[in-house]
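Chemist: Structure below; questions to follow.
The values are calculated or read from the model by the stated rules, or taken from the named source; none is laboratory data. Since the structure is predicted, the reported quantities are computational estimates derived from the model, not experimental observations. Here the Cβ positions follow ideal geometry from the backbone for every residue, glycine too, while neighbour counts run over all protein chains shown. Just the protein is used for accessible areas: all its heavy atoms, side chains included, with ligands, DNA and RNA removed. Shrake-Rupley method; radii C 1.70, N 1.55, O 1.52, S 1.80 Å.
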Amino acid sequence: MNMNMKSIVKGATAGAIAGFTYYALSSAPPVKKYSIKKDTAKTLKSASHLIDDIKSIIM
């Protein structure tokens with residue numbers, strides 16, 4: 001049951017993030033959309049580096 005609850009929470013969180021992202025991009029002016037996309041790309045790149053660092057520490 002615990003694993004199912006974790007999956008439900010992950011799915012709900014992913015859905016909320018997707019919904020918020022869609023709302024933010026659909027209601028933002030064009031200049032702000034570019035800024036949001038640029039910031040998102042930087043955040044994803046940083047998260048990728050963080051995950052790689054954690055993997056190297058564990059292994």
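Chemist: Being within 17 Å of the chain's Cα centre (by Cα) and hydroxyl-bearing (Ser, Thr, Tyr), is that true of even one residue in segment 14-21? So that I can check it myself, show each step before the final result.
Modeler: From segment 14-21, those within 17 Å of the chain's Cα centre (by Cα) are 14-21; that's our starting set.
Next, from what is left, pick out any that are hydroxyl-bearing (Ser, Thr, Tyr): 21.
Yes: segment 14-21 contains one or more residues that are within 17 Å of the chain's Cα centre (by Cα) and hydroxyl-bearing (Ser, Thr, Tyr).
Chemist: Moving on to the next point. Take segment 29-52 and flag every residue that is closer than 16 Å to ILE17 by Cβ and either open to solvent by 100 Å² or more (accessible area, probe 1.4 Å) or among the aliphatic types (A, V, I, L, M) (or both).
Modeler: Scanning segment 29-52 gives ILE36, LYS37, ALA41, LEU44, ALA47.
Chemist: Output the residue which, of all residues in segment 35-49 that are at pLDDT below 85 and over 13 Å from the mean Cα position of the chain (by Cα), is farthest from ALA24 (Cα to Cα).
Modeler: The qualifying residue farthest from ALA24 (Cα to Cα) is LYS38.
Chemist: Moving on to the next point. What pairs come out if I take residues in segment 13-31 that are in a helix (DSSP H, G or I) and pair them with residues that are open to solvent by 60 Å² or more (accessible area, probe 1.4 Å) whose C-beta lies under 6 Å away, six or more apart or interchain?
Modeler: LEU25/LYS33
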